[in-house]
1. So which residue, out of Val81, Val14, Val47, gets the largest mean-square fluctuation from a GNM of the chain using Cα contacts under 10 Å as springs?
2. Scan region 22-108 for GluC sites (Glu not before Pro) in coil per DSSP, keeping those whose Cβ has at most 12 other Cβ atoms within 10 Å, and list them by number.
3. Could you work out [θ]222 nm for the chain from helices alone, using -39500 (n - 2.57) per DSSP H run of at least four and dividing by all its residues? Round to the nearest 500 deg cm²/dmol.
4. Which one is right for this structure if Rg/Rh (Cα atoms, Kirkwood Rh) is calculated from it: (i) 0.91; (ii) 1.01; (iii) 1.06?
5. Using the alpha-carbon atoms, what tilt in degrees (0 to 90, nearest 10) does helix 18-27 show relative to the longest principal axis of the chain?
6. About its Cα centre, how strong a charge dipole does the chain have in debye, to the nearest 20, once Lys and Arg get +1 and Asp and Glu get -1 at the Cβ?
7. Pick from Met43, Met93, Met85: which is most flexible by mean-square fluctuation in a GNM of the chain where alpha carbon atoms under 10 Å apart are linked?
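Read-outs throughout are calculated quantities, based only on the coordinates presented, and are distinct from any laboratory measurement. Every value quoted in this text rests on a predicted model; they were computed, and no experiment measured them. Quick reminder, even Gly has a Cβ in these numbers, built from the backbone with ideal geometry, and neighbours come from all protein chains shown.
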Amino acid sequence: MSPYRFKSRDTGDVVMLHHTGQRVLQILGKDPDAPGVILVEQMPAAVAALKAAIAQEEAEQQRQKDEARANGEPPPVFEVVSLRMRCAPLFEMIERCQKAGVEIVWGV
């Protein structure tokens, strides 16, 4: 499975492993199996959707840790690189593209 390469005319490419790129596109409501675009006017909603998914993931992980602690069990182990960390380069790209008024594409 090949990685996802997000491109714009204003920034360098952001490359995500297939699994992560697919998850990000699903969060954004985009078809991960087809080329696509995030238009400038869609960028605020894209950021909001990703931040909501990150908050949900972090809250669920905290809930699992609290539950394990309450039950006297060892805490669960999660991926070392969180969704927040994986999305950081994309957030930067979106911010720069929004300011420059250029879209982000993938699969083209």
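1. Val81
2. Those that pass, being in a loop and sparsely packed, are Glu79.
3. On the way: 3 runs with 56 residues, N = 108.
Per the formula, -17500 deg cm²/dmol.
4. Given (i) 0.91; (ii) 1.01; (iii) 1.06, the structure-derived one carries the label (iii).
5. For 18-27 against the chain, the angle is about 90 degrees.
6. Values: 13 positive and 15 negative charges, 46 e Å.
Around 220 debye, computed over the chain.
7. Of the options given, Met85 has the highest mean-square fluctuation.
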